[in-house]
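Following: one structure in structure tokens, then a few remarks.
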Amino acid sequence: MPDRDRVLQGIPPLSAEEEAAKVRELREHIPAATAGIYLNAGSNGPLPREVDAAMVQVQEQELATGRGSEHIMDDVEVRVDELRGVFAGVLATDLHRMAVSHSTTEIVVRFALGVAWRSGDQIVTLDEEYPAVRGSLAALAARTGAVVRTVSMRDTAGSPRSDEALIEAVAAHLVAPTRLLVISRVSWISGRLLPVAPLLERARSAGILTILDGAQSVGAVLDDVDGLDPDVYAFPAQKWLLGIEGLAGARVSDRAMGASGFSPVIGGFLAFNGQPLDGVGEFLPDARRFQMSGFSRPALAGSARAAGWLQMQVGLPWAVARGTRLAADFAAGARSIAGITLLADPGTHATLVSLRLAGWEPEQIVAELGRRAFAITRRVPGLPAAGEQPGSLPAVRFSWGFWNTGDEVARILELLTLFAAHTPESLPKRPAIDIIHG
């Protein structure tokens, strides 16, 4: 039973022993969690067996009877609506605000294209926004004459700006001719939780549209999304929601669906009220007007099962709290190791923790952790210098989730301590494993 439900029913939260038992049971349902130390949900989360079972069921039906039956397209629409409902449950928002798409980047860019841009209009974003988004915004600006204003998350010395300083720097641009703010809830590079609430409020007050990139937050951070009320909140299925690549959700505000909001520039058959056989077409009145088509039925089934399993069986509040706690324990331990620099200040990260180790390249750390602990981590890039803003160096990113354990935190910290005492050249070689053939 999820902790929130236990509290509502007057049952005490899980004891340490009960939580340990729950984690052991859940790890049995997630094979990748026991194959190694899984620390890259920031790219792709580990798949639960439930997800595989749901996909196999649909795949076997398609294999046995084909994918060309007339009812298949109706079934796609039903499954998309099911996923919309599950996504709405995750965000605790209303169904009419939810749409399904293919990726976070696709959502961000398609909505940005849905603004009637004029030469000189401005788009404000941050230097740690996802590269595909920043590149697409630059291409849009080059074509329309709009201007992209990029605010750095670091000061001129390369240190993280305080929340207050970052708010001030972004807010300075939230005036005419700015028409769009694109910002992440959690930085994919540093793992930092961004102070989005005051920025969204200031943008609203100025009549500026907002797109919130939730690629590293939905499923990892609990927010009052309707309270934040970004005009668009974009998020993927395959990361912290443990679903399948090629699917994503968009929560669209009522304001953004109005006359002064975003216009759909392209739509699949799921976006229209009937088929536009007259060559004109009528978009649906709710967020579905922004939907495309071309969705895989097995992927839809798997992603709906994943997010539903996370909510109903795991308990999303418990999962978020546990992942956050493990990340905090890891960050505190890493901060105490000589030579390690964390990219986010204490208390400002979510479940992502990024760090650098003096004398080591990130790819060397990733490789050694893989060899010595079967750990799956990833390198994140540095940023080039821009004007007076210094560049930043690449780092190693660790994505912590409810499936991880305290022992895994300790093991990674043990290895980082070992690495810190050596250079890549002086590090004792890992003993070779002799395979004896019988």
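Given the residues PRO195, PRO230, which is the only one that is farther than 25 Å from TYR38 by Cα, surrounded by fewer than 24 Cβ atoms within 10 Å (Cβ to Cβ) and touching a residue at least 12 places away in the same chain (Cβ under 8 Å)? Lay out the reasoning, then the answer.
On the way: PRO230 fails: surrounded by fewer than 24 Cβ atoms within 10 Å (Cβ to Cβ).
Only one candidate passes the filter, namely PRO195.
In region 328-341, what count of residues is obtained for those that are in contact with a helix residue (DSSP H, G or I) (Cβ under 9 Å, 6 or more places away or on another chain), closer than 18 Å to TRP403 by Cα and crowded, with 20+ Cβ neighbours inside 10 Å?
Residues that pass the stated criteria total 1.
Can you confirm whether ASP224 is at pLDDT below 95, surrounded by fewer than 18 Cβ atoms within 10 Å (Cβ to Cβ) and charged (D, E, K, R)? It would help to see each step written out before you state the result.
On the way: at pLDDT below 95: no; surrounded by fewer than 18 Cβ atoms within 10 Å (Cβ to Cβ): yes; charged (D, E, K, R): yes.
Answer is no for this residue.
Go over the candidates THR178, THR156, THR125 one by one and state the one that is buried (at least 17 other Cβ atoms within 10 Å of the Cβ) and in contact with an Asp or Glu (Cβ under 9 Å, 6 or more places away or on another chain). If you could, list the steps in order and put the result at the bottom.
Numbers: THR156 fails: buried (at least 17 other Cβ atoms within 10 Å of the Cβ); THR125 fails: in contact with an Asp or Glu (Cβ under 9 Å, 6 or more places away or on another chain).
Just one listed residue meets the conditions, THR178.
What single numbered condition from (1) over 30 Å from ASP127 (Cα atoms); (2) within 24 Å of the chain's Cα centre (by Cα) fails to hold for VAL353?
In the conditions (1) over 30 Å from ASP127 (Cα atoms); (2) within 24 Å of the chain's Cα centre (by Cα), VAL353 misses (1) alone.
Part of a loop (DSSP other than H, G, I, E, B), more than 26 Å from VAL320 (Cα to Cα) and of a type in the set (A, V, I, L, M) - does that describe any residue in region 144-152?
Step one: list which residues in region 144-152 are part of a loop (DSSP other than H, G, I, E, B), which gives 145-146, 152.
Remaining after also requiring more than 26 Å from VAL320 (Cα to Cα): 145-146, 152.
So of that shortlist, the ones also of a type in the set (A, V, I, L, M) come out as 146.
Yes, some residue in region 144-152 is part of a loop (DSSP other than H, G, I, E, B), more than 26 Å from VAL320 (Cα to Cα) and of a type in the set (A, V, I, L, M).
Taking the options ARG397, ARG411, ARG430, name whichever one is among the basic types (Lys, Arg) and farther than 19 Å from LEU326 by Cβ.
Details: ARG397 fails: farther than 19 Å from LEU326 by Cβ; ARG411 fails: farther than 19 Å from LEU326 by Cβ.
Just a single option satisfies the conditions, and that option is ARG430.
Among all residue pairs at least 6 apart or on different chains, which show Cβ distances below 7 Å where the first residue, located in region 125-137, is over 10 Å from SER187 (Cβ atoms) and the second is among the charged types (D, E, K, R) and surrounded by fewer than 20 Cβ atoms within 10 Å (Cβ to Cβ)?
Partner pairs satisfying both residue conditions: THR125/ARG134.
Return only the number of the condition from (1) outside any strand (DSSP E or B); (2) of a type in the set (Ser, Thr, Tyr); (3) over 19 Å from VAL218 (Cβ atoms) that THR341 does not satisfy.
Going through the list (1) outside any strand (DSSP E or B); (2) of a type in the set (Ser, Thr, Tyr); (3) over 19 Å from VAL218 (Cβ atoms), THR341 breaks only (1).
Take the residues in region 75-106 that are aliphatic (A, V, I, L, M), part of a helix (DSSP H, G or I) and more than 15 Å from the chain's Cα centre (by Cα), then tell me which one is farthest from LEU222 (Cα to Cα).
Pass one, region 75-106, residues aliphatic (A, V, I, L, M): 76, 78, 80, 83, 86, 88, 90-92, 95, 98-100.
With part of a helix (DSSP H, G or I) added as a condition, the list becomes 76, 78, 80, 83, 86, 88, 90-91, 95.
With more than 15 Å from the chain's Cα centre (by Cα) added as a condition, the list becomes 76, 78, 80, 83, 86, 88, 95.
Details: VAL76: 30, VAL78: 28, VAL80: 24, LEU83: 19, VAL86: 16, ALA88: 13, LEU95: 18 Å.
Once the filter is applied, the top-ranked residue is VAL76.
The values are calculated or read from the model by the stated rules, or taken from the named source; none is laboratory data. The model shown is predicted, which means the values in this text are computed figures rather than measured ones. Using ideal geometry, Cβ is built from the backbone for each residue, glycine included, and neighbour counts are taken over all protein chains shown.
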